[in-house]
Structure formats: structure tokens, C-alpha cells
Amino acid sequence: MTIKGEKKFSYAVLVLPAVLIYLVVVAFPTIFSIMLSLTDYNGGKIFGADNLHFVGFRSYEWMLFNDPSKAFYTALRNNMYIVAVSVFGQIPLGFILAYILTRKLIKRGGGFFQTMIFLPNVISPVIIGVLFKNFVYNRDSVYMEIVRFFDPSAEFTLNNTPMIPVLVVILWMFTGFYMIIFLANMQRIDPSIIEAARIDGASESRVLWHIILPAMTNVIVTSSILAISGSLRTFDLIYVMTSGGPAGQTRVLSIYMYEQAFQGSANYPMANAISTVMVLISIALIIITRAVGNIFNDKEV
């Protein structure tokens, strides 16, 4: 065997385990889920079953057009709220906090603030969900006691805007994650460039706009992709806080999928159809995000 052949063989041996794991853990379940969404499977034996027939896009048609409750669109709207809070809330706040800490605009206690902001990320979402459920959604919670104190007639205000407390918790919980990402990347910027700009008379805002932001464009795009994919998978926090209630007003796509698969009369094709649409929406949003990032990169060049 030649040296070139030995290299190809060694590369194949090294890559093969990762490829096999990917095929078993990711590719096969994804393809199988799409195929199952096109059948009328209702439980029991799958391979060789008599109760498994190809029905095409019947589940998708019902979910998108024929469902009188419009549950899919309610869940999708709530997911878009979470995406908006993540992309336009967590990322800008994380960037600002990282900038403040990197530039040492806080003279004392920078490490303490960094730890406190990141702390929610090391706490289980289930624990956070239980704490905020008791603090906000319980009839005898601290929040409702404060509401009754100031305005007894506004006791049921939460039922009209149930997603707002959820979005506030999500904003508070994950901002520290993006702060750490931006902090790590801002510290890689050569300090001499910033100091040279300051000596030449550049203000702090010009340093931010002309040096730091261009250097962080790719990081912002990557963070946006993480935020989008994470927002569409949100399940545990909302399930613990509200279980999708009241009356499905806080239901998201992952909870809608769970309800179809594991609650009441199981509808496995519908659950798999929901998961497929979630993947397609995520891919579409990520493509848009990357396109916007490329536009900014082209402008910088």
C-alpha cells in the first residue's frame, strides 16, 4: 500500500466511528420520523405491522389547515416570541454585559457580577420552573399577593398575558450564557488596537462600533443560530411552569408534540409531523440568519 493509500485508510478508520454514530443517532431517527409522519401508525408493532399504511401528508394537512383549534399556530406564535426574546433580548444584553466587563466600565466587583449573571445557567431549568411557578403562577404566590395589594380587580391579569412571565424567565435565565461567549471572544481582540484608537481620539462608542462589533460579527451570527435552535426546542422550563396552560396559551411546539405523542389517544404521525416542521422552521431561520451575517461581512470587506 502506498503512502497516499495509507493516509486515506487511516482517515477512513478515524472518521468511520463518528459517521456511524451520526447515522445511528441523528440520520436514521430523522428519516424514520419523517416516514412515520406520512403513515397512519397508532401504536404497537411497526415493522411488518398490518395497521401501518402510507397516507401521505394527511397529518400535515390537518395540522396546518383543518385543525379548528389552530393549536399549531398558537404554539408556533409562542415559539416565535421565544425566538425574538432570545435573538433580540438575550444576545444584545449578553453583548452589552460582556462589553462592560471587558472594558472594565465597572471598576469593582466585575467577577462577582459575571458569576451572578451566569449563575442561572448552572441551575436546572426544572428547578427554576418550579421556583417561578410558585412565585408567579400559584394563586397564593408572592406575585399575586403584590397584584392584589395594588389592584384587587387585577387578580386574573396573568390569564390574559401568560407568556410574559415565561419570556421574562427565559430572558433572565440564558442571557449569561451569551455573555460568556461574547466575553471570551472580546478578550481575544488585541488590546493594542483599542488603545491605539483611544490615543488617536476615538470615543468609547467609536471603539465599540468600528472595532469590537466588526470583530464579533461571526460570533453574533453563531450565537443567533444557537438561540434559534434552542428556542424551538424549549420544553422543560415551560412544561414545569405552565404545562402549556392556561387553555393552551403558553403551549409551544415541543409541548404540542409531547401532547400528541404521550397524552390522551396517542397520535404518533402528528407528533412526528410537528417535529419535522420544527426542523424545517429551524433550518429556514438559520439560513436567513447566515444570509444576514454574510451581508454584514461583505459590507465590512
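The values are calculated or read from the model by the stated rules, or taken from the named source; none is laboratory data. Since the model is a prediction, treat every value here as computed from it, not as a measurement. FYI the Cβ positions are ideal-geometry reconstructions off the backbone, even for glycines, and counts take in every protein chain you see. Quick note on the areas: whole protein, heavy atoms, side chains included, nothing else; ligands and nucleic acids left out. Shrake-Rupley method; radii C 1.70, N 1.55, O 1.52, S 1.80 Å.
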Quick one: in region 142-173, of everything that is over 17 Å from Phe132 (Cα atoms) and open to solvent by less than 60 Å² (accessible area, probe 1.4 Å), which residue is modelled with the highest pLDDT? Arg148
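Select from region 90-105 the residues that are buried (at least 19 other Cβ atoms within 10 Å of the Cβ) and over 11 Å from Ser231 (Cβ atoms) and list them in ascending order. Give the steps one after another, and end with the answer.
We begin by selecting, within region 90-105, every residue buried (at least 19 other Cβ atoms within 10 Å of the Cβ); these are 90-91, 94-95, 97-99, 101-102.
Of everything in region 90-105, those that are buried (at least 19 other Cβ atoms within 10 Å of the Cβ) and over 11 Å from Ser231 (Cβ atoms) turn out to be Ile91, Gly94, Phe95, Leu97, Ala98, Tyr99, Leu101, Thr102.
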Cβ-Cβ below 8 Å, separation at least six or inter-chain, first residue in region 63-74 and farther than 18 Å from Thr276 by Cα, second assigned to a loop (DSSP other than H, G, I, E, B): which pairs? Ser69/Gly248
Cβ contacts < 8 Å: first residue open to solvent by 50 Å² or more (accessible area, probe 1.4 Å), restricted to region 112-135; second residue part of a helix (DSSP H, G or I) and among the small types (Gly, Ala, Ser), any location; separation 6+ or different chain. Result? Phe118/Gly176; Leu119/Gly176
Based on this model, can you work out whether Gly109 counts as at pLDDT below 85 and open to solvent by less than 60 Å² (accessible area, probe 1.4 Å)? yes
